[in-house]
Amino acid sequence: MTTTSVTIPDLFDPEFLASVERLKLIARRVAPSGSPAEKRSKQQGSGMEFRDYRPYSPGDDIKAIDWNVYRRLGKVFLRLFEEQRDLPVYVVPDVSRSMFHGDVPRIDACLRAAFAFAAIALREADSVGVFPFSDTLDVALRPGSGSGRLLRVATSLTKVEPGGPTDFVAAMRRFSAMRLRPGLVVVVSDFFDRNGLEGVLDAFRSVQHRLCFVQLVRKTDAQPNLEGELLLQDCESGHESEVSITPAVLDAYRELYRKFEDGMTSFARKRHAGLVRIDVEDNVVDQLAQLFESGAYVL
Amino acid sequence: MTTSLGFVATLLGLAAIAGVFFLLHRLRVRHRLVVVDTTLFWKQAIEDARARVLVQRFRHPWVYALLVTIGGLLWLAFARLDVSARSARDTLVLLDASATMTSGDRFASACEIAEELVPSLGVERRHVILCDERPRTVLAPGEHARLLHERLVGREARGIPPTVERALRSWLGRMRERPCDVVVIGDSMPASEVLAALPSDVRLSRVDVASSSASASTRASNQGITAFGYAAARSGSWDRVDILAEVTRAGAGEISPPVLTLDGRALGRAFERRGETRSSGPDGARSVRFYLNDLACSGESLEARLPGGDSLEADDKATLVLPDRRKVRVAVEADLPPAIARVIAVDPALEIVEASAEPAVVIRRAGGSFAGDLPALELTGGASEHAFFVTCTEGDDPGATLLSLHTRLGLGEIDANAVATKTRRVISAGAGTGARRGIAVWSELFAHEYNFVDSRAFPLFVSVGLRWLAGVRDDVGAAPIGSVIEDVQLATTESGRTIRTLGDAFTPVAAGLYGLDGGRRVDATLLDPLVTGGVNASKSPERYGAALGFDIVPWLLLLAALLLCIEWVLFQRGRIP
């Protein structure tokens, strides 16, 4: 078990940042609170972009009355503007032991993906918080925005330590208990929970935020290259299973993994959540671009 | 295709190997530790795979096949698989134990060769016969090869002529069912005419028995007595015989005359050398005959021994029992039928003496005391129950004695019906025991009206009867081993073993002195020119080594070793558990 090999200079690699520059978060609806930013809010008010008219009612701000309309129609209408507010982005990287296992640990890709999301959000003046989790959830960086925020995000990401086994239910319960402003929760994980897919889905059913799943995969996840008589040891729990790799067992494994992926896809679709699968052995940003259709990820 | 273990045992062994490997294969669990991100899917996959089948899937069939192949190859090598053309044939191994095998350790070497050869033969198709005086099976088809060693322990070659030919004839006539190879281990080979008459599907070969070079060279120049006997003296003296001895030498060198001893004492006379013949065989053996004339004989044992000696001792000595040609002194009571005296007068073995001149036998009327208490031929009156009555001494079997004398005395030649008709009495013969030997005969029979004294049996009756009464042994004298001696029911060896003959004929099969029924003796000697001349050793149509053919066992072992290496490599590479 090792810590991450990703350093701050790695994350601030110009090429990496340039590739992130092309990506953009676009939210259809933003929570009414928060600071003005580049996201359209449900709240109609003091923004710059005209949205609609509505009849005047007592108490309305008379500065919003469109007098030209009154002059033509003789009726008082208010001009409504769409208010631009920020979209809180909560980056939730998985730091369980499984993320640090293997010749190419998933944690490297995890941090790059998390940093990419943070960079995209901060570029658009959104607030970003970092909440690494394993069997619990920590607050590595509280939500905030600003020009120096990106360095703090990078610092917090490179300081993550391997945690315990993955427990989405416990982690998300703690996350919900924080009562954060509705925003976008970006979960970067392998989604290998000891309770299986049901444990993962149960954990996110109670989350009131928008969700975006970044599933870190390897080719051997779906097509394991194991053979022979094996004693498989779970890197998180230490549980050992004697397995005779036979065609039947391999077929059963592939079928189970396919169901797992289908379950994730189905859940994401139901929750209107984003889902992208990133091969940890390939370029992270290039694969994230699949999520950001035409350079923008529309929420 | 055969194996030394037999077809069934080999198959059972292969099945056992496959079964054992199958169990080991099922039991064999050697897990390689692999740390994975999660075992979540694997646990479920195992359960799902188990749920689909009733029994666990047979794992790694190629590994199992490899192991069974290796095990099978080793087992077949152990079972000495034979795929040569020889495997489809029976094999008869004839282990020569004749005289030529007595030199040095040649017979032991022959036994070792046989014990090494037998395991390579199919267990159901091998037959080993020990060719001693009575060829006997020492390993029958189906018996374990180890029995051969046990049965050969204590066996040794003896001074006997070869019996290989006899064993071969017997086996071919009784037991041959398939094409066969006959392997002779030793020197002896059947006669050329026998070899020529072998069936076309019988191949005969011989295995040379290794011997020391000194022994071999000695055998090459072996000499021995190949004939030894006596005949009536050409001088006409009834109580003397002429002696013949033939000495044969296999190689170059002077042929020495035998030295004679009589009952263990030096005879003081030497043989006369007459002529030399050369064998027609390729061995070039030479024979010389030696004669000794007019040797007085009185039942002594005459031994001829070659001076010096060589590696083959069995033919260096020959013995015979000389006939007892001493005259039987007979006292004849007066007033007896004159025909008796006439027979005695013409028989050189008998002479009439006065009763006071220490006769050996007396002829008198029954009940008289003429000449005292001696074995007697007595003429009885008509009151006697039997026309002929034989009295033998204690220890003799009266019945057997009567049976023997019935022929020798010529009683069978008497026209008993005519005599019975004329005498109006039953003509019978009886026997009993007494203090001394005696023969009683009706005196009426000596009358000419009964035609007994005029029959051709009468001289025989008188002469043989008187000799039997005097205890003169009618020895055969000398007999080569394997010759037939007629009119013998029982024979006794020097060790006291009694041999009951078949068909009233006795054939001595080993050298030595034999006692025959009726008090006769015969000294059987090797006297075999083929053995002495080494003719048999040269009649080798084929050396067995060439007939051994392809031996697959080393290749089986090599292939098994190769597969083991492949398995090791695959194991090291983690391709097999």
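The values are calculated or read from the model by the stated rules, or taken from the named source; none is laboratory data. Because the structure is predicted, anything quoted here is derived from the model rather than measured. Because the Cβ atoms are built from the backbone with ideal geometry, glycine has one as well, and the counts that use them run over all protein chains shown. Areas reflect the complete protein model, heavy atoms only, side chains present, ligands, DNA and RNA absent. Shrake-Rupley method; radii C 1.70, N 1.55, O 1.52, S 1.80 Å.
Structure notes:
- Ligands, DNA and RNA aside, residue B:446 has an accessible area near 10 Å² when probed at 1.4 Å.
- Shielding value for A:236-242 is 4, the average number of Cβ atoms from other chains within 10 Å of each residue's Cβ.
- Surrounding net charge for residue A:10, when Lys and Arg each add one and Asp and Glu each subtract one, Cβ distance under 10 Å: -1
- Protection proxy ranking of B:412-419, B:510-517, A:128-135 - average other beta-carbon atoms within 10 Å, highest first: A:128-135, B:510-517, B:412-419
- Counted over all Cα-Cα pairs of the range B:398-453, pairs farther apart than 14 Å make up 59 percent.
- Whole-number percent relative contact order across the range B:328-411, with pairs defined as alpha carbons under 8 Å at least 6 apart: 24 percent
- Peptide A:251-263 shows a mean partner chain C-beta count of 3 within 10 Å per residue C-beta.
- Sorting B:135-142, A:214-221, B:349-356 by their mean Cβ neighbour count within 10 Å, with the most densely packed peptide first, gives A:214-221, B:135-142, B:349-356.
- Whole-Å semi-axes of the range B:328-470's equivalent ellipsoid (Cα gyration tensor): 22, 18, 14
- Reach of residue A:75 by Cα under 14 Å, taken over aspartates and glutamates that are not fewer than 8 positions away in the same chain: A:66
- Translational diffusion of the range B:80-173, estimated by Stokes-Einstein from the Kirkwood radius over alpha carbon pairs at 25 °C in a medium of 0.890 mPa s, is 181 µm² per second.
- Relative contact order, percent, the range B:328-470 [alpha-carbon distance under 8 Å, six or more residues apart]: 29 percent
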